[in-house]
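Engineer: Take a look at the following structure, please.
Since every read-out is calculated from the coordinates, none of them should be taken as a lab result. None of the values given here were measured: they were computed from a predicted structure. Cβ: placed from backbone, ideal geometry, glycine included. Neighbour counts: every protein chain shown.
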Amino acid sequence: MADHSLYSRHGVSVRADYSRREFLRKTALAGAALAVGAAGGRAASGGSELPTRVLGRTGAKVTILGLGTAPVGEARGDLGEAVKIFSEVIDRGVNFVDAARIYGIAEEALGQVLATRRDKVFLVTKCWTDSAPQAEKMFEESLRTLKTDHVDLVHIHNIGNKNFDKVLAKDGILEYLLKQKEAGKTRFIGVSGHERPPQFVKILQTDQIDVVMGVMNYADRNIYDFESKVLPECRKRNVGVVAMKVYAGIKGGFPNHRKAWVGCNTPPELMPKALAYALDLDGVHVANIGPFTMAQAIQNVELARRYKPLTAAERQELLAFGNELAPTLGPRYGPVA
């Protein structure tokens with residue numbers, strides 16, 4: 001049965017069984033105020049520091065906002081602009097930086113950025129393979145491109161679509177990454193991905209995984225549901241957790257990473273609450289967000305600075321909107337099971 005209780009939102013009484021149009025209309029004022037605030041910006045050295053959390057068993061202190069580099073990198077735009085965007089975000093205090101060998105020009109741009117900032121960041125890359133020989137090729141190329149002799153974390157990229165037996169074989173990627181951990185080329189090993197949450201649980205049970213990055217947002221909880229399928233295992237093992245696609249992803253999915261910004265599935269006025277939803281999840285340490293533009297990058301930093309947990313009423317409202325949005329999105333990142 002629908003909850004027809006009333007509560008106040010921006011001075012307006014709102015029923016929990018609102019329509020999507022009504023919800024967006026009643027939050028437009030808040031969104032406009034946010035846009036004005038973000039447009040004003042703030043000096044890179046000014047303002048309050050970003051909140052931090054300890055990334056599970058890694059013990060690393062990381063900012064609640066991570067810099068995702070896929071949109072800028074895969075769009076393959078101007079390298080100089082990519083360098084500016086990444087530099088600005090780091091200079092504004094973000095220390096969790098997420099990249100991958102397959103993210104276009106991302107690692108090339110970061111190679112320039114990190115020349116003077118390597119000690120300021122928790123650096124992440126990924127290898128899209130299940131075999132040791134391919135992982136070696138990708139990882140060594142990442143180190144050369146990033147112009148560093150080590151990273152803090154390497155993910156097995158998109159574990160949900162990998163051959164699990166190959167991943168765990170003697171000539172598999174996990175064995176290779178464990179050797180790199182022993183050699184000091186990576187401090188930690190993780191898994192990332194969008195599909196098949198049960199695969200995450202299986203590899204977590206090896207107890208060799210330090211960090212997980214998965215899709216977690218107010219809409220995809222109704223589709224992939226990493227929140228109930230994977231998070232409990234992470235909490236049990238004190239594994240660090242990074243939420244991605246916190247704005248419910250880019251319209252049109254992965255192909256639009258390689259074109260240009262076409263908007264995300266969360267309206268701008270709801271972004272503060274979408275971010276808060278992810279950060280409120282028990283066991284989540286970082287919300288990793290990839291901007292396309294400098295304005296978006298700065299806005300993400302400001303939203304993270306202003307983060308406050310959702311009230312019960314705000315959460316109820318956002319989840320109701322997510323319930324309506326989810327059927328329009330579907331399992332766009334691959335199989336659920």
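Engineer: All other residues with a Cβ under 12 Å from the Cβ of residue 159 taken together, and with Lys, Arg as +1 and Asp, Glu as -1, what is their net charge?
Structural biologist: Value of the local net charge: +3.
Engineer: Given a Förster distance of 35 Å, report the FRET efficiency between residue 169 and residue 312 from their Cβ-Cβ distance, rounded to the nearest 0.05.
Structural biologist: The value I calculate is 0.15.
Engineer: On to the next question. What's the exposure ranking of 308, 126, going from fewest to most Cβ atoms within 10 Å?
Structural biologist: Fewest-to-most Cβ neighbours within 10 Å comes out as 308, 126.
Engineer: Follow-up. Mind checking the full-extension length gain between residue 102 and residue 183? Use 0.36 nm per residue of separation minus the Cα-Cα distance, one decimal, nm.
Structural biologist: Answer, rounded to one decimal: 26.8 nm.
Engineer: Explain nothing, just compute: Karplus ³J(HN,Hα) = 6.51 cos²θ - 1.76 cosθ + 1.60, θ = phi - 60°, for every residue of segment 328-333 in order, whole Hz, x for Gly and Pro.
Structural biologist: Result, ordered by residue: 7, 9, x, x, 6, 9 Hz.
Engineer: By how many nm would the segment from residue 141 to residue 81 lengthen if fully extended, with 0.36 nm per residue of separation less the alpha-carbon distance?
Structural biologist: Fully extending the segment from residue 141 to residue 81 adds 19.3 nm.
Engineer: Collect residues whose amide H, placed 1.01 Å from N in the peptide plane, falls under 5 Å from the amide H of residue 69; neighbours closer than 5 in sequence don't count.
Structural biologist: Under 5 Å from the amide H of residue 69 lie the amide H atoms of 98, each far enough along the sequence or on another chain.
Engineer: Mind listing the long-range amide H neighbours of residue 213? Cut-off is under 5 Å, sequence gap 5 or more, other chains count too, H placed in the peptide plane at 1.01 Å from N.
Structural biologist: It is 191, 192, 193, 242, by chain and number.
Engineer: State the three equivalent ellipsoid semi-axes of segment 68-219, derived from the C-alpha gyration tensor as the square roots of 5 times its eigenvalues, in descending order and whole Å.
Structural biologist: So the three semi-axes of segment 68-219 are 26, 17, 14 Å.
Engineer: Also, quick follow-up: Taking a spot 7 Å from the Cα of residue 61 along the direction of its beta carbon, which residues of segment 114-128 have an amide N less than 18 Å from it?
Structural biologist: 118-123
Engineer: Label 7 Å along Cα→Cβ of residue 54; segment 87-108 residues with amide nitrogen under 20 Å?
Structural biologist: Counting only backbone N, you get 95-96.
Engineer: Read phi for every residue in segment 162-175 and hand back ³J(HN,Hα) as whole Hz from Karplus 6.51 cos²θ - 1.76 cosθ + 1.60, θ = phi - 60°, with x for Gly and Pro.
Structural biologist: Karplus-based 3J(HN,Hα) across segment 162-175 equals 9, 6, 4, 5, 5, 4, 8, 5, 4, 9, x, 5, 4, 4 Hz.
Engineer: Another question, then. So if we plug the beta-carbon distance of residue 294 and residue 119 into 1/(1 + (r/R0)^6) with R0 = 25 Å, what FRET efficiency do we get, rounded to 0.05?
Structural biologist: Calculated transfer efficiency: 0.55.
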